[in-house]
Amino acid sequence: MEQISRNESISIGTTAVEISPKRKREMIYICNTSSAGQVVYVMFSEAEKASAGKGFVLQPTSTLLDCNSEGYLCWQGTITAIASGANGSVSVVER
């Protein structure tokens, strides 16, 4: 798995999209930057894609942080997201 540093905005709609592939990471920070009140659902899973009502629920401006700490390793697998309406977005920072 490659390690990468990244800071980007990703458009999210009503179909689940991969916002980060399986990779070696030390941290990931996800912020719901949707401007029209869309709720974003984020799923950390190799078996399932994001769907409404499952995984982490991010209200507008809400954030999610996962990082290595004191023997804990943050999620290294695939991360997907879906929005409650069209034209949602998230900001993703990872390293």
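The values are calculated or read from the model by the stated rules, or taken from the named source; none is laboratory data. None of these values were measured; they are calculated from a predicted model. All Cβ positions, even for glycine, are placed from backbone atoms using ideal geometry, and neighbour counts span all protein chains on display.
Numerical summary
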| read-out | value |
| --- | --- |
| Test: GLY53 is of a type outside the set (A, V, I, L, M, F, W, C) and modelled with pLDDT of 95 or more | no |
| Enumeration of residues in segment 36-47 that are assigned to a strand (DSSP E or B) and either in contact (Cβ under 8 Å) with a residue 40 or more places away in the chain or closer than 15 Å to LEU65 by Cβ (or both) | VAL40, TYR41, VAL42, PHE44 |
| Qualifying residue in segment 49-59 (condition: more than 16 Å from GLU18 (Cβ to Cβ), hydroxyl-bearing (Ser, Thr, Tyr) and in a loop (DSSP other than H, G, I, E, B)) | no |
| Residue selected from segment 16-40 under the condition hydroxyl-bearing (Ser, Thr, Tyr) and surrounded by 11 or more Cβ atoms within 10 Å (Cβ to Cβ), by the criterion nearest to THR78 (Cα to Cα) | SER20 |
| Subset tally (residues that are part of a strand (DSSP E or B) and modelled with pLDDT of 95 or more) for segment 9-35 | 14 |
| Failed condition for GLU70, given (1) under 17 Å from ARG95 (Cβ atoms); (2) surrounded by fewer than 18 Cβ atoms within 10 Å (Cβ to Cβ); (3) of a type outside the set (Lys, Arg) | (1) |
| Segment 60-93: number of residues that are of a type outside the set (S, T, N, Q), more than 19 Å from ASN7 (Cα to Cα) and not in a strand (DSSP E or B) | 5 |
| Cross-chain or 6+ apart pairs with Cβ under 9 Å, segment 11-24 first and under 17 Å from GLY37 (Cα atoms), then modelled with pLDDT under 95 | THR14/ALA52 |
| The lone exception for SER45 - which of (1) surrounded by 14 or more Cβ atoms within 10 Å (Cβ to Cβ); (2) of a type in the set (Ser, Thr, Tyr); (3) more than 13 Å from ILE79 (Cβ to Cβ) it fails | (3) |
